[in-house]
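The values are calculated or read from the model by the stated rules, or taken from the named source; none is laboratory data. Owing to the predicted nature of the structure, the values given are computational and were not obtained by experimental measurement. A quick note on method: Cβ atoms are made from the backbone with ideal geometry, for glycine too, and the neighbour counts reach across all protein chains shown. When the accessible area is computed, the model is the full protein with side chains, heavy atoms only, and any ligands, DNA or RNA have been set aside. Shrake-Rupley method; radii C 1.70, N 1.55, O 1.52, S 1.80 Å.
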Amino acid sequence: MTVLTTRALGRATLARQFLLERTATPAAEVIAHLCGMQAQEPQEPFTGLWSRVRDFRPETLDDLLTRRRVVRTHLMRRTVHLVTADDALAWRARHATMLRGRVLTTYRTELADVDPEELAAAGHAVMADGEPRTMAELVEAVSGHRPAPPRRALGELLVAGVVPMVQVPPRGLWRNRSGVRNTTLAGWLGREVPPLPDDATDPVGQTLLRRYLAAYGPAASGDLRAWCGLSGLPAAVKAVRDELVAFRDERGRELLDLPDAPRPDPDTPAPVRFLPAFDNAILGYQDRSRIIDDAHRLLSVAGERVALVDGRVCATWTVRDADLVVTPLRRLSRAERTAVTEEGTALAAFLAGGADEAGVTSRKPGGVILAS
């Protein structure tokens with residue numbers, strides 16, 4: 001079985017994530033290809049798309065959200081993801097058990113006496129009027145003045161566990177700081193969430209597997225599990241295994257892949273790219289060594305924004321006033337510092353542009369500060 005080096009796996013990830021070369025593919029199709037984008041920090045997908053889509057503009061994503069072509073909803077790993085409307089509907093039932101189970105596990109004591117089915121019925125009844133609500137408003141409407149579990153626990157079970165919800169705009173629009181207001185996924189899209197097919201081969205899981213490999217492969221079953229939060233999709237893997245090719249990584253794990261998916265030469269040059277917080281190019285794996293050193297692994301779950309140099313996480317970045325402050329994690333060569341500065345300057349200009357919620361159309365772009 002062919003062994004793929006860490007560098008080869010990294011180049012495959014970059015190619016499939018549109019980080020090796022920006023794409024002219026429309027943003028909605030990019031979001032679909034990526035199987036959604038991590039979005040609990042509502043402004044981060046703008047940077048993620050800018051780093052992947054040629055000439056991306058913030059109003060493009062705003063338009064997709066307001067026209068309900070993409071939605072913000074709890075899905076993979078019980079985190080808020082930006083996904084297409086079609087994927088949200090198609091995948092929600094497959095994730096339902098995991099979503100409910102993770103909330104009930106987190107709040108095992110607080111929710112011990114709650115019947116999830118009864119709570120779901122109460123939540124749907126309250127939301128039937130189509131009025132978006134905050135979590136607090138929903139909990140108040142469901143519980144009234146009766147004794148109830150802690151509001152945070154009950155609220156999370158409602159909006160992230162038992163009632164398929166979306167976070168409605170203006171939450172998630174460009175430079176908008178609005179709080180979270182929720183409505184039902186079916187009500188927002190005018191389509192019901194389809195039930196899971198009664199099929200032991202798990203057809204929805206098969207689709208998830210193929211889509212995951214197209215955007216993240218080659219990958220192990222543990223990587224798939226880490227990405228989606230489901231239990232490895234064993235029936236789906238078994239059903240499609242004959243369609244796939246297999247490799248091993250340098251740690252000896254078996255990796256599965258689509259036969260015709262891109263696997264670039266490991267020596268393919270990789271440009272500097274800036275990634276937002278919690279980007280799935282990193283979080284989409286159990287073994288993240290293809291793109292980040294084990295010593296820096298915790299950066300990916302701590303909400304640090306990172307920069308890729310030669311295809312690997314080599315710096316963190318943040319915005320201070322209008323400047324992009326880049327802190328290298330290793331010594332950068334003169335050529336690498338120049339490339340980081342050039343890409344960072346372009347990102348600073350992007351972050352300064354576009355109209356915000358107050359109608360301000362631009363800010364003065366800053367520069368790049370390379371911390372020592």
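Here is how the numbers come out for the structure above:
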item	result
Residues of the range 180-204 satisfying the condition of being open to solvent by 50 Å² or more (accessible area, probe 1.4 Å) and farther than 16 Å from L158 by Cβ	G190, R191, E192, P194, P195, L196, P197, D198, D199, A200, T201
Residue list for the range 342-355, filter: touching a strand residue (DSSP E or B) at 6+ places or on another chain (Cβ under 6 Å) and open to solvent by 50 Å² or more (accessible area, probe 1.4 Å)	T345
Test for I292: is it in a helix (DSSP H, G or I), in contact with a Leu (Cβ under 8 Å, 6 or more places away or on another chain) and either at pLDDT below 95 or open to solvent by less than 50 Å² (accessible area, probe 1.4 Å) (or both)	no
Residue selected from the range 219-234 under the condition out of contact with any Lys or Arg (no Cβ under 7 Å at 6 or more places or on another chain) and open to solvent by 40 Å² or more (accessible area, probe 1.4 Å), by the criterion nearest to W91 (Cα to Cα)	R225
Enumeration of residues in the range 55-97 that are of a type in the set (D, E, K, R) and within 20 Å of L209 (Cβ to Cβ)	R77, R78, D86, D87, R92, R94
Answer residue from the range 127-148, given it is under 17 Å from V180 (Cβ atoms) and over 29 Å from the mean Cα position of the chain (by Cα) and is surrounded by the most Cβ atoms within 10 Å (Cβ to Cβ) among those	V142
Long-range neighbours under 9 Å by Cβ, at least six apart or interchain, first residue at positive phi within the range 252-275, second exposed (fewer than 13 other Cβ atoms within 10 Å of the Cβ) and at pLDDT 95 or above	G252/V3
Pair list, Cβ < 8 Å and 6+ apart or interchain, from the range 1-17 residues that are of a type in the set (V, I, T) to residues that are in a helix (DSSP H, G or I)	T13/Y216; T13/A281
So R151, is it under 26 Å from D113 (Cα atoms), open to solvent by 50 Å² or more (accessible area, probe 1.4 Å) and either modelled with pLDDT of 95 or more or in contact with a helix residue (DSSP H, G or I) (Cβ under 7 Å, 6 or more places away or on another chain) (or both)	yes
Per-region count, the range 168-179, residues open to solvent by less than 20 Å² (accessible area, probe 1.4 Å) and within 26 Å of A96 (Cβ to Cβ)	2
All positions within the range 283-334 that are polar (S, T, N, Q) and closer than 27 Å to G222 by Cβ	Q286, S289, S300, T316
Near pairs, Cβ below 8 angstrom, 6+ apart or cross-chain, from the range 334-346 (under 13 Å from W317 (Cβ atoms)) to any residue that is of a type in the set (F, W, Y) and open to solvent by less than 70 Å² (accessible area, probe 1.4 Å)	E343/F274; G344/F274; G344/W317
Cβ-Cβ under 7 Å pairs, at least 6 apart or on other chains, the range 78-93 side of a type in the set (V, I, T), far side assigned to a helix (DSSP H, G or I)	V83/I31; T84/A28; T84/I31; T84/A32
